[in-house]
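Comments concern the structure below.
The values are calculated or read from the model by the stated rules, or taken from the named source; none is laboratory data. Owing to the predicted nature of the structure, the values given are computational and were not obtained by experimental measurement. Note that each Cβ is placed from the backbone with ideal geometry, even for glycine, and that neighbours are counted across all protein chains shown.
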Amino acid sequence: MKICGVELSGNDAVICLLHLEHESFNIPDCRVRKLSLPKAHTRDDLLQFQKAFKKLMSDYGVEKVVIKERALKGKFAGGAIGFKLEAAIQLITDIDVVVISQKEAKLVLSENRLPISFSETGLKVFQEAAFTVAYVAHVME
């Protein structure tokens, strides 16, 4: 199964593809590391973001999208733009979209450690949370 992990940060949806095949994880190459919403945040901008995200998932045969949940309030609360991006992704038809809480992720990771260190993946540092949430989703399957 091919899963796309997503971390929403500011105007960006940081992504990481992770494929589990024959008990082995594979990180497929992807033409983008993040999709951004233009600063105007108009309805047309959101529709364009949604269309680009859906096309990317279709092009890579992604079966499930997993979004790292953000806090609603407090020091690490998500911003309004991030919640718009989350809604735009969740409303995409033909893709299974799931939100995983930090609590769930920590529990899964405590029982199933990552098979390799993140530095060995070849991903950019800012993709770590997206990679981790994709791994957690595979383990939860």
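Results, tabulated for the structure shown:
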quantity: Enumerated strands (runs of 3 or more DSSP E) restricted to the range 1-108, each holding at least 1 residues that are surrounded by 13 or more Cβ atoms within 10 Å (Cβ to Cβ), of a type in the set (D, E, K, R) and touching a helix residue (DSSP H, G or I) at 6+ places or on another chain (Cβ under 9 Å); calculated: 2-9, 12-21, 34-36, 64-68
quantity: Single residue of 25, 53 found to be touching a Pro at 6+ places or on another chain (Cβ under 8 Å) and either within 19 Å of residue 128 (Cβ to Cβ) or at pLDDT 95 or above (or both); calculated: 25
quantity: Scope the range 109-132; condition outside any loop (DSSP other than H, G, I, E, B) and either surrounded by 11 or more Cβ atoms within 10 Å (Cβ to Cβ) or in contact with a strand residue (DSSP E or B) (Cβ under 6 Å, 6 or more places away or on another chain) (or both); matching residues; calculated: 109, 118, 126, 127, 128, 129, 130, 131, 132
quantity: Which listed residue is without any contact (Cβ under 8 Å) to a residue 40 or more places away in the chain, among the hydrophobic types (A, V, I, L, M, F, W, C) and under 22 Å from residue 39 (Cα atoms), from 80, 71, 88; calculated: 80
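The rows are residues; the columns are (1) within 18 Å of residue 124 (Cα to Cα); (2) out of contact with any Asp or Glu (no Cβ under 9 Å at 6 or more places or on another chain); (3) among the hydrophobic types (A, V, I, L, M, F, W, C); (4) touching a residue at least 40 places away in the same chain (Cβ under 8 Å).
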{"residue": "2", "(1), (2), (3), (4)": "no, no, no, yes"}
{"residue": "18", "(1), (2), (3), (4)": "yes, yes, yes, yes"}
{"residue": "21", "(1), (2), (3), (4)": "no, yes, no, no"}
{"residue": "27", "(1), (2), (3), (4)": "yes, yes, yes, yes"}
{"residue": "34", "(1), (2), (3), (4)": "yes, no, no, yes"}
{"residue": "37", "(1), (2), (3), (4)": "no, no, yes, yes"}
{"residue": "40", "(1), (2), (3), (4)": "no, yes, yes, no"}
{"residue": "51", "(1), (2), (3), (4)": "no, yes, no, no"}
{"residue": "60", "(1), (2), (3), (4)": "no, yes, no, yes"}
